[in-house]
Structures are given as structure tokens and as C-alpha cells.
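Quick note: the coordinates plus some simple rules give every number you see, no bench work behind them. Model, not experiment: these values are computed from the prediction. Cβ coordinates were reconstructed from backbone atoms using ideal geometry, including for glycine residues, and neighbour counts include every protein chain displayed.
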């Protein structure tokens, strides 16, 4: 596997993503999404043998890819992601009697280097299922952190305060998401993978 060109540095924020091999689905039913979220908790937040872990700022799982906005708290994120990917792939290969790679190579990570990018990227992540035509509103998608942001789900996987602290209220963040215009996409294009 080629060496990572973007160094992963503790204390920094990254947009982490990957998609299914040949752009195929990686989540086939509800329990697959839940297994992935459980794996995120196990390998990215805990895995005490590797250190402090990462804070998940925002996430969205789509049928054939995932987005994680992470704040790294130690220098072992690549190993953590490798463990997550191997574990999840083995579980799905067993569950669906399949073989081979589930994901399209190693995960991608792009440094998020300004607060403005952080805000726009969180909005992009939460709007992903709307843009894909899976739901009409971001709060209608079960497999994203948007409901934690709006306070309609009391989950413990994400740390929304990192983004919400830059808004006066949860409602203000919701208005920011609702106010998205296609021109806003230009501001974070360099933080995204080619669709």
C-alpha cells in the first residue's frame, strides 16, 4: 500500500472517508450501520493499548461510503482505522458469505485547517443523505450525527460541542445547515473526495 501523503497529527482535525470497493455498497442493512458505529467506538474512541484515541466531531454513513470528522487525540489513528476496517470487513464477509476487500483501498484523510472549514464540512457531512436523495431532511437519516447536533437524540459517540460552540444555539446550527447553497460547496471542495 502506498504511504500516506497527509501526515496524521495529534491535536488536528481531519475529514476521514472511504467508499466501497468499485463504489459498491458497504452497508446492506440496518445492523451493518450499527456494527460500524460500534466499531468506531471500540477502535477509534477506546482501544486503550494505543492511547487517548480520537473525538468524533461529526459522521455520516451512506450506503456505499462513510464520512468522519475527527479530532485526533493521539498519534495512532492509522492503526486504529486499520483495525476498524479489518474487523468490519471480516464481520461483513462472514455475515454475507463474501470474500475480498470491502473498501476501496486505505482510508483518505484531509486536514481541516480552519474553523470555517470545520463548520462547512460538518454541514456537508450532515447534508450528504439529502444530496443523495435518500431523505428530504438531514434529521430523517438515522446514520449521521445530525440528531445529536439538534438535541433530538442523546448519543455519546460524537462531540458536537466542538462545532456547536461556534453557534449561539442548536437552532442556529440547524438554520446554518438549512441555509446551504450550492455555492457554499466551493469553500470545502478541497476537503472532499471525488464522487
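If you wrap a convex hull around the C-alpha atoms of the chain and split its volume per residue, what is the figure in Å³?
Convex hull volume per residue, Cα atoms: 121 Å³.
What is the gain in length, in nm to one decimal, between residue 152 and residue 94 on full extension, counting 0.36 nm per residue of separation less the C-alpha to C-alpha distance?
That works out to 17.4 nm of additional length.
Cα centroids of the range 119-180 and the range 12-80: how far apart, whole angstrom?
Going from one Cα centre to the other spans 17 Å.
If we sort 85-94, 69-78 on the protection proxy, mean other Cβ atoms within 10 Å, highest first, what's the order?
69-78, 85-94
Just want to confirm a number: the relative contact order over the chain, from Cα pairs under 8 angstrom separated by 6+ residues, in percent.
26 percent
Based on DSSP H runs of at least 4 residues, each adding -39500 (n - 2.57), what is the mean residue ellipticity at 222 nm of the chain after dividing by all its residues, to the nearest 500 deg cm²/dmol?
-10000 deg cm²/dmol
Give me the angle, in degrees from 0 to 90, between the Cα long axis of helix 30-39 and the longest principal axis of the Cα atoms of the chain, rounded to the nearest 10.
Helix 30-39 sits roughly 90 degrees off the main axis of the chain.
Would you mind putting 141-151, 111-121 in packing order, based on average other-beta-carbon counts within 10 Å, highest first?
Listed from highest to lowest mean packing, they are 141-151, 111-121.
How much length, in nm to one decimal, is gained on full extension between residue 108 and residue 29, taken as 0.36 nm per residue of separation minus their Cα-Cα distance?
Contour length minus the Cα-Cα distance gives 26.0 nm.
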